Amino acid sequence: LARDEAAALASPELAERQAYAAAANNIAAGLRQEPRRSADVDALMIQAAGVARRAWEKAGNWMNVERAEYQLALCHAVLGQGTPALHHAGLCLRICEAEQADAVEHFFAHEALVHAHRAAGQADQACAHRAQMAQWLPQVADAGMQAYCAKTLADTPA
């Protein structure tokens with residue numbers, strides 16, 4: 001992953017840069033969802049999420065960058081690293097606000113903030129962002145996505 005980063009990001013082909021960014025993101029997401037990890041796997045997860053973030057900066061648009069910040073926030077949160085989780089979740093939400101993102105993006109930015117605040121031991125702030133998720137939910141236009149968001153909300157600890 002690290003060995004190929006410079007070459008991948010320097011590629012003149014947008015599709016190659018995007019494929020690299022997506023692969024790094026998928027590695028981070030897959031490792032984050034593993035029930036049992038080791039210190040080496042945790043380090044790889046954070047590295048992959050960071051690579052994805054840098055790659056999307058070169059290969060994507062604001063939404064790709066925002067979602068990479070979301071991924072970084074969740075990866076740090078699952079490790080109990082509240083400070084970096086809050087940093088990345090905050091960036092995720094700020095991008096949504098700056099770009100006037102739709103309800104789906106705002107919903108998931110607040111989800112990242114719930115997990116980040118929980119990792120930081122800030123239960124009150126986590127509950128406040130969970131309430132924000134609930135406020136954004138009815139504004140999700142697509143019925144299938146709204147159902148997915150509703151399940152995410154139900155699965156997000158209060």
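The values are calculated or read from the model by the stated rules, or taken from the named source; none is laboratory data. This is a predicted model, so every value here is computed, not measured. For neighbour counting, all protein chains shown are included, and Cβ atoms are generated from backbone atoms with ideal geometry for every residue, glycine included. Surface accessibility is based on the protein's heavy atoms, side chains included, excluding ligands, DNA and RNA. Shrake-Rupley method; radii C 1.70, N 1.55, O 1.52, S 1.80 Å.
Scanning the stretch 45-69 for residues that are touching a Phe, Trp or Tyr at 6+ places or on another chain (Cβ under 6 Å) and not β-branched (Val, Ile, Thr), we see that the one that is farthest from residue 115 (Cα to Cα) is 55.
Kindly provide the set of residues from the stretch 92-134 that are touching a Gly at 6+ places or on another chain (Cβ under 7 Å), open to solvent by 20 Å² or more (accessible area, probe 1.4 Å) and of a type in the set (A, V, I, L, M), ordered by number. Answer for the stretch 92-134, where residues must be touching a Gly at 6+ places or on another chain (Cβ under 7 Å), open to solvent by 20 Å² or more (accessible area, probe 1.4 Å) and of a type in the set (A, V, I, L, M): 119, 120. Those residues that are in a helix (DSSP H, G or I), over 18 Å from the mean Cα position of the chain (by Cα) and charged (D, E, K, R), I need them from the stretch 108-157; list them, please. The answer is 124, and nothing else. The one condition from (1) closer than 21 Å to residue 69 by Cα; (2) of a type in the set (S, T, N, Q); (3) open to solvent by 50 Å² or more (accessible area, probe 1.4 Å) that residue 152 does not meet is (3). The residue that is nearest to residue 109 (Cα to Cα), counting only those in the stretch 41-91 that are surrounded by fewer than 22 Cβ atoms within 10 Å (Cβ to Cβ) and acidic (Asp, Glu), is 57. Do we find a residue being polar (S, T, N, Q) and at negative phi anywhere in the stretch 66-80? Yes, there is a match, as at least one residue in the stretch 66-80 is polar (S, T, N, Q) and at negative phi.
Scanning the stretch 12-30 for residues being open to solvent by less than 50 Å² (accessible area, probe 1.4 Å) and touching a residue at least 40 places away in the same chain (Cβ under 8 Å) gives a total of 5.
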